[in-house]
Amino acid sequence: MISYIGLSHLSLSYAASALVLGNKVLILDFDEQIKLYKKKKLNFFEPGLEKILIKFKQNLEISSDFKKLKLSKIIFLAKDIKTDDNNNVLLNETNSLLRKINYLRNKKILVIMNQVPVGFTRKIKWKKDNLYHFVETLVFGNSINRAINPERIIIGKITDKKKISRILLNFLKLYKCNIIELNYEESELSKNFINIYLASQLMTTNFLSEISNFYNARWNKIMDAIKLDKRIGKNGYYKPGLGISGGNIERDIQTLKKISVKKNIHNKLPEFLINSNSYYKNWIKRIILKEKKNKNNIGILGLTYKDNTLSIKNAPQIKLIKSFKKNINLHDAKSERLANLSDTKKFLDKFKDLNFILNNSETIIVFHNLLIYKKIKFYKYKNIKYVIDPFGFINKKKIGKIKYYNLSS
């Protein structure tokens with residue numbers, strides 16, 4: 001049996017992959033979390049996840065009885081780490097779970113899968129021959145596929161010379177990909193560095209797209225040419241966006257900023273990424289303030305930071321709601337599920353029927369790539385003066401003569 005400690009998006013995604021690969025799986029957390037999960041009050045949503053959990057339910061157990069760990073061969077600590085409003089890591093849940101399983105420190109294999117800061121793994125009081133760090137690189141909306149079919153597995157050990165436990169190695173080999181072995185700190189840094197590269201790409205794309213707009217140059221055409229350069233590649237982040245949301249990349253930028261200060265490193269890359277992220281996150285707000293009439297009756301289509309998740313962590317929508325407050329109405333295809341969640345139910349009074357929003361909004365902002373939004377013929381609504389479509393989801397034929405804003409134009 002493979003155990004995942006901490007009920008979260010991370011543990012459920014990798015538990016699903018273990019189930020698909022033919023393993024019996026146990027997910028453990030404190031009783032309060034298990035009850036909230038059963039009531040669907042935790043924001044765990046991932047395309048394909050529920051289908052796998054139902055299909056393999058005979059091999060899956062979700063429980064608060066930590067005594068059941070005695071049957072497990074491998075324990076993954078896989079509770080997504082929360083962050084504060086400034087993206088600083090909060091380790092209280094992780095430490096509570098570690099204390100709960102501490103009695104097994106000389107008996108079981110423990111793999112730290114959650115997003116801990118550099119140096120954390122080595123400080124854990126656990127038999128080091130049985131302690132490992134695992135680099136997860138999931139993406140909301142595509143986590144199941146990435147968990148089942150990883151490009152590679154990065155595993156951290158006490159030293160390079162230490163061999164991976166045969167039990168753990170046999171499990172990892174089920175994923176049929178390259179296994180990269182590092183020491184604890186190298187593995188932890190790999191997680192941080194991957195996200196820094198992604199953030200750098202995203203900010204660079206936004207900057208270059210904005211420069212293109214000043215010259216009426218077509219970023220999409222330029223982008224196609226850039227992709228052909230093998231030094232840059234075809235799989236990069238080339239679509240402009242509203243900064244970074246979700247919390248994971250922001251967390252690692254903040255972590256490396258702290259390391260820079262602590263180690264007296266004067267490079268300002270983390271500050272640049274933080275400032276750039278804030279600038280592009282406020283792109284829509286700048287448009288609304290520019291169009292003076294545009295401050296009233298704003299309709300937001302899609303509350304979560306993207307359509308395939310229940311997360312609103314660092315979403316630009318939240319900034320807009322805080323800025324324009326009473327002038328905002330919301331529509332989200334997952335509003336019924338969002339109504340049960342602690343961090344979204346506070347917006348219940350703002351959720352409206354789609355027809356209400358279309359008939360009563362001066363400005364429409366499209367955040368989700370959904371068919372129900374793509375079908376809207378905006379030009380039929382005389383009250384709509386502006387359509388802000390950051391990611392270009394809407395066919396311009398549906399806009400008519402309404403003033404239209406897009407990041408790429």
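Out of the stretch 141-153, which residues are of a type in the set (A, V, I, L, M, F, W, C) and crowded, with 21+ Cβ neighbours inside 10 Å?
Ile144, Ala147 - these are the residues of the stretch 141-153 that are of a type in the set (A, V, I, L, M, F, W, C) and crowded, with 21+ Cβ neighbours inside 10 Å.
Could you say which residue among Tyr237, Tyr279 is surrounded by fewer than 20 Cβ atoms within 10 Å (Cβ to Cβ), without any contact (Cβ under 8 Å) to a residue 60 or more places away in the chain and under 17 Å from the mean Cα position of the chain (by Cα)?
Of the residues listed, the single one that is surrounded by fewer than 20 Cβ atoms within 10 Å (Cβ to Cβ), without any contact (Cβ under 8 Å) to a residue 60 or more places away in the chain and under 17 Å from the mean Cα position of the chain (by Cα) is Tyr237.
Out of the stretch 31-68, which residues are within 27 Å of Thr304 (Cα to Cα) and either assigned to a loop (DSSP other than H, G, I, E, B) or among the polar types (S, T, N, Q) (or both)?
Those that are within 27 Å of Thr304 (Cα to Cα) and either assigned to a loop (DSSP other than H, G, I, E, B) or among the polar types (S, T, N, Q) (or both): Gln33, Lys39, Lys40, Lys41, Leu42, Asn43, Phe44, Phe45, Glu46, Pro47, Gly48.
Touching a Lys or Arg at 6+ places or on another chain (Cβ under 8 Å), in contact (Cβ under 8 Å) with a residue 40 or more places away in the chain and crowded, with 20+ Cβ neighbours inside 10 Å: is that true of Ser17 in this structure?
Against the criterion (touching a Lys or Arg at 6+ places or on another chain (Cβ under 8 Å), in contact (Cβ under 8 Å) with a residue 40 or more places away in the chain and crowded, with 20+ Cβ neighbours inside 10 Å), Ser17 does not qualify.
Being assigned by TED's automatic domain parsing to the domain that holds Leu98, among the aliphatic types (A, V, I, L, M) and more than 30 Å from Ala315 (Cβ to Cβ) is true for just one of Ile144, Ile155, Ile148. Which residue is that?
Checking each option against the conditions leaves just Ile155.
Could you list, in sequence order, all residues of the stretch 364-382 that are over 28 Å from the mean Cα position of the chain (by Cα) and β-branched (Val, Ile, Thr)?
Ile376, the sole residue that qualifies.
Filter the stretch 61-75 down to residues that are in contact with a helix residue (DSSP H, G or I) (Cβ under 7 Å, 6 or more places away or on another chain) and either closer than 25 Å to Asn248 by Cβ or of a type in the set (Lys, Arg) (or both), then give me how many there are.
Residues that pass the stated criteria total 4.
Limited to the stretch 3-14, what total is found for residues that are closer than 21 Å to Thr309 by Cα, crowded, with 24+ Cβ neighbours inside 10 Å and of a type in the set (S, T, N, Q)?
Result for the stretch 3-14: 2.
Among Ile62, Ile81, which is aliphatic (A, V, I, L, M) and either touching a His at 6+ places or on another chain (Cβ under 6 Å) or modelled with pLDDT of 95 or more (or both)?
Working: Ile81 fails: either touching a His at 6+ places or on another chain (Cβ under 6 Å) or modelled with pLDDT of 95 or more (or both).
After applying the criteria, what remains is Ile62.
Could you check the stretch 186-203 and list, in sequence order, the residues that are modelled with pLDDT of 95 or more and polar (S, T, N, Q)?
Result: Ser187, Ser190.
Since Arg231 meets every condition but one in (1) under 25 Å from the mean Cα position of the chain (by Cα); (2) without any contact (Cβ under 8 Å) to a residue 40 or more places away in the chain, which condition does it not meet?
Evaluating Arg231 over (1) under 25 Å from the mean Cα position of the chain (by Cα); (2) without any contact (Cβ under 8 Å) to a residue 40 or more places away in the chain leaves (1) as the failure.
Quick one: Gly247 ticks every box in (1) in contact (Cβ under 8 Å) with a residue 12 or more places away in the chain; (2) on the phi < 0 side of the Ramachandran plot bar one, so which box is it?
The single condition Gly247 does not satisfy is (2).
Restricting the search to the stretch 208-225, which residues are among the polar types (S, T, N, Q) and either in the same structural domain as Gly392 (by TED's automatic domain parsing) or part of a helix (DSSP H, G or I) (or both)?
Correct list: Ser209, Ser212, Asn213, Asn220.
Going through Lys38, Lys100, Lys82 one at a time, which residue ends up being touching a Gly at 6+ places or on another chain (Cβ under 9 Å), basic (Lys, Arg) and either exposed (fewer than 14 other Cβ atoms within 10 Å of the Cβ) or over 20 Å from Ile158 (Cα atoms) (or both)? Before the answer, list the steps.
Working: Lys38 fails: touching a Gly at 6+ places or on another chain (Cβ under 9 Å); Lys100 fails: touching a Gly at 6+ places or on another chain (Cβ under 9 Å).
Only one candidate passes the filter, namely Lys82.
Modelled with pLDDT of 90 or more, over 19 Å from Gln115 (Cβ atoms), among the charged types (D, E, K, R) and out of contact with any Leu (no Cβ under 7 Å at 6 or more places or on another chain): does that describe Glu291?
Judged against the criteria, Glu291 is not a match.
Has the stretch 226-247 got at least one residue that is under 24 Å from Ile196 (Cα atoms), in contact with a strand residue (DSSP E or B) (Cβ under 6 Å, 6 or more places away or on another chain) and either not acidic (Asp, Glu) or not in a helix (DSSP H, G or I) (or both)?
Keep residues of the stretch 226-247 that are under 24 Å from Ile196 (Cα atoms), which gives 226-247.
Adding the requirement that they be in contact with a strand residue (DSSP E or B) (Cβ under 6 Å, 6 or more places away or on another chain) leaves 247.
Those still in the list that are either not acidic (Asp, Glu) or not in a helix (DSSP H, G or I) (or both) too: 247.
Yes: the stretch 226-247 contains one or more residues that are under 24 Å from Ile196 (Cα atoms), in contact with a strand residue (DSSP E or B) (Cβ under 6 Å, 6 or more places away or on another chain) and either not acidic (Asp, Glu) or not in a helix (DSSP H, G or I) (or both).
Could you please find all residues in the stretch 332-385 being part of a strand (DSSP E or B) and either exposed (fewer than 15 other Cβ atoms within 10 Å of the Cβ) or of a type in the set (S, T, N, Q) (or both)? Reasoning before the result, please.
Within the stretch 332-385, the first condition is being part of a strand (DSSP E or B), and the residues that meet it are 351, 363-366.
Thr363, the sole residue that qualifies.
With respect to the numbered conditions (1) closer than 30 Å to Asn406 by Cβ; (2) of a type outside the set (Gly, Ala, Ser); (3) modelled with pLDDT of 95 or more, which one is the sole condition not fulfilled by Asn183?
Every listed condition holds for Asn183 apart from (1).
If you scan the stretch 35-61, which residues turn out to be more than 22 Å from the chain's Cα centre (by Cα) and either among the aromatic types (Phe, Trp, Tyr) or within 15 Å of Leu97 (Cβ to Cβ) (or both)?
Phe56
The values are calculated or read from the model by the stated rules, or taken from the named source; none is laboratory data. This one's a predicted model, so the numbers in the text were calculated from it and none came from an experiment. Virtual Cβ from ideal backbone geometry, glycine too; neighbours counted across all protein chains shown.
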